[in-house]
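The values are calculated or read from the model by the stated rules, or taken from the named source; none is laboratory data. The structure displayed is predicted, hence computed values, not measured ones. Note that each Cβ is placed from the backbone with ideal geometry, even for glycine, and that neighbours are counted across all protein chains shown. For accessibility, only protein heavy atoms count, side chains too; no ligands or nucleic acids. Shrake-Rupley method; radii C 1.70, N 1.55, O 1.52, S 1.80 Å.
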Amino acid sequence: MIEIMSDTFMDYIRSLSTRRKTFGSGQDLFNQGDDVESLYLVEVGVVHLVRHQADGNVAVLQRASPGVILAEASVFSSVYHCDALAVTDVNATSVPVQLIRRALRSNPDFAEGWASYLSNLQQTRKRAEIASLKTVAARLESWLAWNDGGLPSKGEWKALADDIGVSPEALYRELSKRRSSFVRDRP
């Protein structure tokens, strides 16, 4: 099996490429509603996949850095479901989606590696959902819901703060409020 995101997997994707493209900071790689023609492997720079929400906010669905594939969930879609915005200058390997589809049909190892990679998208979507929430309390509550209500050990709280996109201090304040509330509500 091709290991997920291994050099072999990435080299195989690069072998399907027909060109490399460059994008300046602030430039769109593609927009929501555009026909899906290519997938992109970010080689240099940072790209955000964003979706504009009805309330005017922008949800960052993915922060793609070098070695990350963009729009992999669009392989079997006719149109992109979000915008891809170059946050920095970007160099990307462009792979025609038809070649990815053909490889999925003809190369079982690639198909298995691709399926495993896609299964990791649930984590990405979870992070995007949490990051779109406005308050520390809402982000923590959502994280707890995804993680069966259990907090990590105190030594891992900084990592939790990073995971939900808040400063450690903001997380500590929220946890302190909850601890105070818990003590007051106890019989």
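Results, tabulated for the structure shown:
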item	result
Vicinal HN-Hα couplings computed from phi for segment 16-29 (Karplus, 6.51 cos²θ - 1.76 cosθ + 1.60; Hz; Gly/Pro x)	7, 5, 10, 5, 10, 10, 10, 9, x, 3, x, 7, 7, 7
Residues with amide H under 5 Å from that of Gln62, placed H, sequence gap 5 or more	Leu49
Alpha-carbon spread of segment 7-77, three principal axes, descending order, Å	42, 26, 18
5 Å-binned pair-distance histogram of segment 43-123 (Cα, whole percent)	3, 13, 20, 24, 21, 11, 5, 2, 0
R0 of 25 Å, Cβ-Cβ distance Ala111-Ala159: FRET efficiency to nearest 0.05	0.15
Theoretical FRET efficiency, 1/(1+(r/R0)^6), r = Cβ-Cβ of Leu99 and Val58, R0 41 Å, to 0.05	0.85
Mean accessible surface per residue for the chain, computed with a 1.4 Å probe while every protein chain stays in place, in Å²	56
Computed label-point distance, nm, for sites Gln27 and Leu118 using a 7 Å Cα→Cβ extension	3.0
Nonlocal amide H pairs with Leu39, under 5 Å, H built at 1.01 Å	Val95, Val97
Over the chain: helical MRE at 222 nm, DSSP H runs n ≥ 4 each giving -39500 (n - 2.57), nearest 500	-13000 deg cm²/dmol
Option label - mean projected area of the Cα convex hull in nm² computed here, alternatives [x] 13.2; [y] 9.6; [z] 12.1	[x]
Restricting segment 93-145 to trypsin sites (Lys or Arg not before Pro) in coil, as DSSP defines it, with at most 10 other Cβ within 10 Å	Lys134
Loop-exposed GluC sites (Glu not before Pro) per DSSP, neighbour cap 16 Cβ within 10 angstrom, longest uninterrupted part of the chain	38-187
Potential extension, Ala145-Asp34 segment - 0.36 nm per residue separation minus Cα distance	36.5 nm
Amide H contacts under 5 Å for Leu29, placed H, 5+ residues apart	Ala84, Leu85, Ala86
